[in-house]
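Everything below concerns the one structure shown next.
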Amino acid sequence: MRINYLLAFVTLSVLSCSNEKQKNASLNLEGSWQLISATTIEKGKTQVTNYDGDVKMIKIINGSHFAFLRHSSNPKDTTNFDAGGGTYTLSNADYTEHLDFYKDKKWEGKTFNFKVALDKDTLIQKGVEKVVEANIDRVIIEKYLKIKP
């Protein structure tokens, strides 16, 4: 009788781990993503930026790390650039970035928690950017389109 309970417990544990892997597999974020729009909500004000002009941003995600790069294709615009990266974790729809590298040292070492969703080839990322040292406290919603190889 005890063995039956133990066997049932082990079976349920294996099945639940298997189901968890299947859920995470449906949120495969690995690849290259181009930012198509970003919404920032700060102090009750909403700002939407569409990235369909000179300024482009991509995010690259592999099995353990992410990196983002933003620049302007306009040769006269030498100030519109950004880059950073670090490690990340993903558990179901909970995506957490640990920013290890960034041009502004106040942001380095910070952790940012997001909810993510995939809709076909579109990644939607929503969360809070809070960096006390930089006086940043805002909600961001970013939409990325998967870059085809």
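The values are calculated or read from the model by the stated rules, or taken from the named source; none is laboratory data. Source: prediction; values computed, not measured. We place every Cβ from the backbone using ideal geometry, glycine too, and count neighbours over all the protein chains shown.
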Residue by residue through the stretch 65-98, note down the ones that are over 23 Å from residue 145 (Cβ atoms) and not basic (Lys, Arg). 75, 78, 79, 87, 89, 91, 98
Within the stretch 17-28, is there a residue that is modelled with pLDDT under 95, on the phi < 0 side of the Ramachandran plot and surrounded by 13 or more Cβ atoms within 10 Å (Cβ to Cβ)? yes
Is it true that some residue in the stretch 98-106 is basic (Lys, Arg) and touching a residue at least 40 places away in the same chain (Cβ under 8 Å)? no
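Quick grid of which residues meet (1) loosely packed, with under 13 Cβ neighbours inside 10 Å; (2) over 12 Å from the mean Cα position of the chain (by Cα); (3) more than 20 Å from residue 27 (Cβ to Cβ):
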{"site": "46", "(1), (2), (3)": "yes, yes, yes"}
{"site": "54", "(1), (2), (3)": "no, yes, yes"}
{"site": "73", "(1), (2), (3)": "yes, yes, yes"}
{"site": "92", "(1), (2), (3)": "yes, yes, no"}
{"site": "97", "(1), (2), (3)": "no, no, no"}
{"site": "124", "(1), (2), (3)": "no, no, no"}
{"site": "134", "(1), (2), (3)": "no, yes, yes"}
{"site": "142", "(1), (2), (3)": "no, no, no"}
Is it the case that the stretch 118-141 has a residue that's part of a loop (DSSP other than H, G, I, E, B) and hydrophobic (A, V, I, L, M, F, W, C)? no
Scan the stretch 76-95 and give yes if some residue there is modelled with pLDDT under 95, touching a helix residue (DSSP H, G or I) at 6+ places or on another chain (Cβ under 6 Å) and among the charged types (D, E, K, R), otherwise no. no
In the stretch 101-117, what residues are of a type outside the set (Val, Ile, Thr) and either under 18 Å from residue 143 (Cα atoms) or in a loop (DSSP other than H, G, I, E, B) (or both)? 103, 104, 105, 106, 107, 108, 109, 112, 113, 114, 115, 117
Within the stretch 50-100, the residues that are assigned to a strand (DSSP E or B) and among the charged types (D, E, K, R) are 56, 59, 70, 82, 94, 97, 100
Scanning the stretch 34-56 residue by residue, those over 12 Å from residue 140 (Cβ atoms), in contact with a Lys or Arg (Cβ under 8 Å, 6 or more places away or on another chain) and modelled with pLDDT of 95 or more turn out to be 34, 36
